[in-house]
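First the structure, in the form of structure tokens, and then the observations on it.
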Amino acid sequence: HRFVSPSLQPGHRLPIEYWFTIPGLLRSVESPGGPGLTEKPEGLLVELYSYQSETVHAMLARERMPGGLNSLLWEEHTPPNPSPLHGGGDTFYYERMACELVRERPVTNTGGFLCEEMGLGKTIEMLALVLLNPPPPGDPFRQTLVVVPLSLLGQWQKELEQRVAPGKLTVYKHHCPRSELMQMNRGTEMMARFEAADLVLTTYEQLSMECDGKKGKRKVLQNQKWHRVVLDESQRIQNSRTVVTSAACKLQRRHSWLMSGTPVCNVLEDLLGQLLFLKVEPYCRMSVAGSAAVTEYWQENITDAWKKEDVDALEVVHNLLSLIVIRHSKSQQLATGEAMLTLPPKETRTVLLEGGGSSDYVYRVCEEEAVKNVERMRREGTLGQQYKRLVEFRDRLLRICSHPGNLDLQLLNRDILRSERGV
């Protein structure tokens, strides 16, 4: 289906340029609505909103789709009068948007991209899916793996404790140092608890540590067969050539899910690593190192055309995301014109906090040190080349605001000594 700008429809006054922005693109792929669940997920302790019920219904359909996501993109054709000179009557597959023709059936890839706006309950929706679609009895692909940033590990544990009935899901937190990882052998108590869990929580840091390719590493996550792999804050794998992206793509899995309220942060290339994880062909091949010709296709037909506000590029990206993305926003309206959610007016307040005592003293010392360093860089004309150092100064002050105990005193002393020596 061709993209028709909502700005051309009655009642819309947004210019066409808006749909070439990241907010405009995300708005254009918002889910129009559909059927909801006919039964409540057993073990879920909260009632789902109507849009959440629609989302989980759509997620179930994605996991049960016989041909997976690629069946939505690729058309299957068989020549009516095959010629033996040209391979007989072999079936071929055609991807209309990229104009690609192949003879091998594209890989079956079930799952999708859960892109609800922040605050709309992506975690609840994913837990509902886990409860509604468990693996068949005896299936070797029997666990769900959820990969999260370290900062969200506690939040996921809390959600599981508060939103899922006790005993309904066995959860194991897999975040351990190298020394413990080497002890996770078959027959050990730690490994037994890991394998007995219905849902395993881990972090991107743990995934990278286990799968960085070095010899002698215990690759517990990579060796397991997963019923479902979920990447929360999936923009972490937007770069297709990083260790963590490679590690995520190597996981053996039946269903693949990405979760992010901001799947595209800055440029359209942010999608490539995530499409690689979802195995969306042919676009996933555009992010593989060495595929110069395919990368050139993305650059010329999508990136460059997008910058020129070419509607053909908008059509390709819109249609691609419409097929794999499930998204709602707080300001979204239903087909009837009613608001999807009735929320009280948003109030924004700025509250200034005073540290007091040792916090103020430590903050002043670090602030003065940062100012001296910045002034020295400005005098030497190197300020524009010291972005990493400026970020370090800022992050140090932010850590002190949380608690002065978060400060790395060795690094602080090193910087003070370097500053006194004029280094």
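What follows draws every value from the coordinates through simple rules; no lab data is involved. No experiment lies behind these values; they were computed from the predicted model shown. Glycine gets a Cβ as well: all are built from the backbone with ideal geometry, and neighbour counts include every protein chain shown.
Using each residue's phi in segment 260-270, evaluate 6.51 cos²θ - 1.76 cosθ + 1.60 at θ = phi - 60° and report the 3J(HN,Hα) Karplus result to the nearest Hz, with x for Gly and Pro.
Per-residue couplings from phi come out as 6, x, 10, x, 10, 8, 10, 10, 5, 4, 4 Hz.
Divide by every residue of the chain the summed helix terms, -39500 (n - 2.57) for each DSSP H run of at least 4, and state the resulting mean residue ellipticity at 222 nm, rounded to the nearest 500 deg cm²/dmol. Working shown, then result.
Numbers: 17 runs with 161 residues, N = 423.
Roughly -11000 deg cm²/dmol at 222 nm, from the helical runs in the chain.
Taking the chain as a Gaussian network, where each spring joins two C-alpha atoms under 10 Å apart, which residue of ASN223, ASN373, ASN70 fluctuates the most?
Per the Cα network of the chain with a 10 Å cutoff, ASN373 tops the list.
Could you list which residues have their amide H under 5 Å from that of VAL164, counting only those 5 or more apart in sequence or on another chain, with H placed in the peptide plane?
Excluding prolines and chain starts, which carry no amide H, the hits are LEU45.
Can you tell me which of THR91, THR382, THR242 moves the most in a GNM of the chain? Springs connect C-alpha atoms under 10 Å apart.
Its mean-square fluctuation being the largest, the pick is THR382.
Over the chain, what lengths in whole Å, largest first, do the semi-axes of the equivalent ellipsoid take, defined as the square roots of 5 times the eigenvalues of the alpha-carbon gyration tensor?
Values: eigenvalues 319, 175, 139 Å².
Working from the Cα gyration tensor, I get semi-axes of 40, 30, 26 Å.
What does the charge dipole of segment 357-420 about its Cα centre add up to, to the nearest 20 debye, if the Cβ of each Lys and Arg holds +1 and the Cβ of each Asp and Glu holds -1?
On the way: 12 positive and 11 negative charges, 45 e Å.
Here segment 357-420 has a charge dipole of around 220 debye.
Using the Cβ atoms and a cut-off under 12 Å, what net charge is assigned to the surroundings of LEU73, where Lys and Arg are +1 and Asp and Glu are -1? If you can, show how the numbers build up before the last one.
Details: positive: ARG96, LYS279; negative: GLU75, GLU76, GLU95, GLU100, GLU281.
Once positives and negatives cancel, what remains is -3.
If Lys and Arg each add +1 and Asp and Glu each add -1, what is the summed charge of the other residues whose beta carbon sits under 9 Å from the beta carbon of PHE141?
Working: positive: ARG142, LYS225, ARG228, ARG253, ARG254; negative: ASP139.
Spelling it out: positives minus negatives among the neighbours equals +4.
Report relative contact order for the chain in percent, whole number only (criteria: Cα-Cα under 8 Å, sequence separation at least 6).
On the way: 569 pairs, mean separation 71.9, N = 423.
With pairs under 8 Å counted, the relative contact order is 17 percent.
From Cα pairs below 8 angstrom and at least 6 apart in sequence, can you work out the relative contact order of segment 357-420, rounded to a whole percent? Write out the running numbers ahead of the final one.
On the way: 28 pairs, mean separation 31.0, N = 64.
Normalised by residue count, the contact order of segment 357-420 is 48 percent.
Calculate one ³J(HN,Hα) per residue across segment 300-306 by plugging θ = phi - 60° into the Karplus curve 6.51 cos²θ - 1.76 cosθ + 1.60, and present them in order as whole Hz with x for glycine and proline.
Using θ = phi - 60°, the values come out as 6, 8, 10, 4, 5, 5, 4 Hz.
With springs only between Cα atoms under 10 Å apart, run a GNM on the chain and tell me which of GLU300, GLU63, GLU104 wobbles the most.
Highest fluctuation of the listed residues: GLU104.
Once you have the Kirkwood Rh of segment 357-420 from its Cα pairs, apply Stokes-Einstein at 20 °C and 1.002 mPa s and quote D in µm²/s.
Working: Rh = 12.1 Å.
Once the numbers are plugged in, D ends up at 177 µm²/s.
Net charge near LEU341, counting Lys/Arg +1 and Asp/Glu -1 over other residues with Cβ under 11 Å of its Cβ? Walk me through the numbers on the way to the answer.
Numbers: positive: LYS330; negative: GLU117, GLU338.
Neighbour charge sum, excluding LEU341 itself: -1.
For the pair THR188 and GLU17, how long in nm is the line joining their label points, each one 7 Å along Cα→Cβ?
Going by the 7 Å Cα→Cβ label model, 6.0 nm.
Please give every one of the aspartates and glutamates within straight-line cross-link reach of LYS168, meaning a C-alpha to C-alpha distance under 13 Å, and leave out same-chain neighbours fewer than 8 residues apart.
GLU42, ASP198
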